[in-house]
Amino acid sequence: MENVKEKKKFKSPNTYVIIFIVLLIVAILTWFIPGGKYELDASGRAIANTYTRIASNRQGLWDVIMAPIIGMVGNEQVSGAITISLNVMLFGSFLEMMDTTGAINIALKGVARKYQKNYYVLITVLTFIMGIFGTVQGAYEEGFVYLLMFLPIILALGLDTIVALMIVIFGTQAGCAASIVNPFSTGIASGIAGISPGDGIVYRTIIFVVLMSLCSFMICRYANHIQKNPEKSVQYFRHEKDLLEFAGGTDDVESLNKKQRKVFSVFILTFVIMITSLIPWTSLNPNWTFFENVTKWLMNAPIIGTILGKDLVPFGEWYFNEINGLLIIMTIVVGMIMGYTIDKTINILIKGAAALVSTAFIVPLARGIQVIMTDGNITATVLNATEKTLGSLHPVVFIIVCFLVYILLAMFIPSSTGLAAATMSIMAPLAVFAGVSESAMVVVYNLALGFVKIFAPTSIIVMTCTQAVHVDYGSWLKATGKYIAVFFVACCLILLVNVLVF
C-alpha cells in the first residue's frame, strides 16, 4: 500500500514569535534606515515638520536580546512596561477569585431565568451583560461557557442557536470594541501610547452604550424574524436535535447565597471605582474638584491621614499603580467574604496571575521594539515617512484609513495585546501628526479588533462557539452578514464623530 502523506495545515505562529520576528526586522532596519530626530514639546511629543537627520546607531544581536529586558524595566528614553504587565497579572488574580466563588455564573443564570418570559428584555439584558464583560475584562476565549448557559432558555423560547451565538459573540465583542477599562486592550494600548487609560474614557462609555443598543436591537430583530418564520433559520434542519442536546436542565435552579451576593456587589463596586478613578474630572471641568478636595481632607485629617498615608491619589488621576493596588485589595476582600483562609486566598491570587503571565510578557517584548527603534535612532525617520503620507491626510480620511489598516492587521493578529504591542508605538505618534489624539487612535484599534472578532476565521470566540453548537462558519456569516455590515458602518460613524466633535 502506498503511504499517502497528509497535507500539513498552515499554522499561524503565536504572538511571541510574530513580535520577535518584528523585533529582528526592526533591528535589521537600523542598518539601512538613516537616523533622525524631532524637536519635542513640553510634554515630550514630537513636533511636526521639525525632523532632522542624525547619525544612525546599528543594533546587533546583543541589543535584540537586551531590548525586551529594557522594555520591562525601562531606561532614560523608554519607560518600563512592568506596571502594565503587573496590571494584567493582577487582573487575572481578581478574575480567578471571582470564578472560584461561582458568583458570576450563578448570577448570569438567575438573570436568564428572570427575563425568560419576555425574550426582547432577555436578549437586551444578556447582550448588555456580555458587553460589560467584554468592556471591563476583555471576555473572549471563555465565550462558549456563557453560550452553554443561555442555550436552554433561548431554545425553549422557540428561537435558534444563532440567537444565542449573537448574544455572546456580538455582545462580548461590541463590549471589547468600546473597551471602557479593558486592561488587555485599552490598558496596554494606552500604556504603549504614553497616555492614561482614563484619556478618552467618556467617549468610550458613549461608544459602549451606542454599540450595545445597536447589537441588542439587531439581535431582537433577528429573533423576531425567526420566531415568526422558524424555517428561515439556517439551523432549522437540526432544530429538534438542538432541543434534545441543549435544552435540558432548565429546571436546575441555583441562587446566590448570602456570601456570593456580597461578592457580586464587590465585583460591581470594583469596576465602578475603576471607571470613576480613571475619568479625568478636572480636565472635563476645572470646577469638578470634589475628589481632589476629599483626598486632601483625608490626608490632612489627624488620625485618618496618618493611617491612610500622605500619598493618596485622587479619583481622576489614577494610573496603573493605583489600579493594581485596587485589584489586590478587592481580591483579598472577596476571599475574606467567602471565609477562605489566607493561604487559599494567596494561592488563588498566584494561580490567576500565573494564568496570564504569557500575556503579561508580551508587553515588554513589544516594548523592546520601541527600545530598538529609539536606540537605533530610526523612530523619527519612520515617523517622518508616515507623516509625509498618512500624516498628511485630512483627519477624517486619516481615521477611516487607519481603521481599515487595523482591520487588516487584526485579521492576522487577533490578540489584543499582540496587536497593540506591534503597532501602537508608531500609530499613536502618527495620529498626533495628523491632528488626531492618541486616545482616538486607541479607539480605532479597539473598534477594529472588536469588529474583526465578530466574523473572522481567526477569532477564537467565533470558531469555538459555532463549533460547540454545530453551526458551520459559512452559516454563521450567512445568518449575520447584514448585521456585521451594519456594525462596520456604525464603527465608521463613531470614528467620524470622534474626530469632528470630540
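The values are calculated or read from the model by the stated rules, or taken from the named source; none is laboratory data. A quick note: this is a predicted structure, and the numbers were derived from the prediction, not measured. Positions of Cβ are backbone-derived with ideal geometry, glycine not excepted, and every protein chain shown enters the neighbour counts.
Right, G194: surrounded by 23 or more Cβ atoms within 10 Å (Cβ to Cβ), touching a residue at least 60 places away in the same chain (Cβ under 8 Å) and either on the phi > 0 side of the Ramachandran plot or not acidic (D, E) (or both) or not? For G194, the condition - surrounded by 23 or more Cβ atoms within 10 Å (Cβ to Cβ), touching a residue at least 60 places away in the same chain (Cβ under 8 Å) and either on the phi > 0 side of the Ramachandran plot or not acidic (D, E) (or both) - is not met.
Filter the stretch 423-443 down to residues that are in contact with a Gly (Cβ under 8 Å, 6 or more places away or on another chain) and part of a helix (DSSP H, G or I), then give me how many there are. Even if it seems obvious, please write down each step before you answer.
Initial filter on the stretch 423-443 (in contact with a Gly (Cβ under 8 Å, 6 or more places away or on another chain)): 428, 430, 433-434, 437-440, 442-443.
Add one more test, that the residue is part of a helix (DSSP H, G or I), and what stays is 428, 430, 433, 438-440, 442-443.
So the answer is 8.
So which residues in the stretch 228-238 are crowded, with 16+ Cβ neighbours inside 10 Å and of a type outside the set (S, T, Y), if there are any at all?
Filtering the stretch 228-238 for residues crowded, with 16+ Cβ neighbours inside 10 Å gives 233-235, 238.
Listed by number, the residues that qualify are V234, Q235, R238.
Condition check for V272 on (1) modelled with pLDDT under 90; (2) under 30 Å from the mean Cα position of the chain (by Cα); (3) buried (at least 16 other Cβ atoms within 10 Å of the Cβ): one failure, at (3).
Select from the stretch 1-38 the residues that are in a loop (DSSP other than H, G, I, E, B) and modelled with pLDDT of 85 or more and write down the one among them that is surrounded by the most Cβ atoms within 10 Å (Cβ to Cβ).
So the first thing to find is which residues in the stretch 1-38 are in a loop (DSSP other than H, G, I, E, B), and the list is 1-14, 30-34, 38.
The next check asks that each one be modelled with pLDDT of 85 or more; those that pass are 30-34.
Numbers: T30: 22, W31: 12, F32: 9, I33: 18, P34: 13.
Only one residue fits best here, namely T30.
Could you tell me whether the stretch 39-53 includes any residue that is at pLDDT below 90, over 23 Å from the mean Cα position of the chain (by Cα) and within 30 Å of K228 (Cα to Cα)? Taking every residue of the stretch 39-53 in turn, none turns out to be at pLDDT below 90, over 23 Å from the mean Cα position of the chain (by Cα) and within 30 Å of K228 (Cα to Cα).
Against the conditions (1) in contact with a Pro (Cβ under 9 Å, 6 or more places away or on another chain); (2) in a loop (DSSP other than H, G, I, E, B), I69 satisfies every one except (2).
Residues being modelled with pLDDT under 90 and either closer than 17 Å to L211 by Cβ or crowded, with 23+ Cβ neighbours inside 10 Å (or both) are entirely absent from the stretch 473-482.
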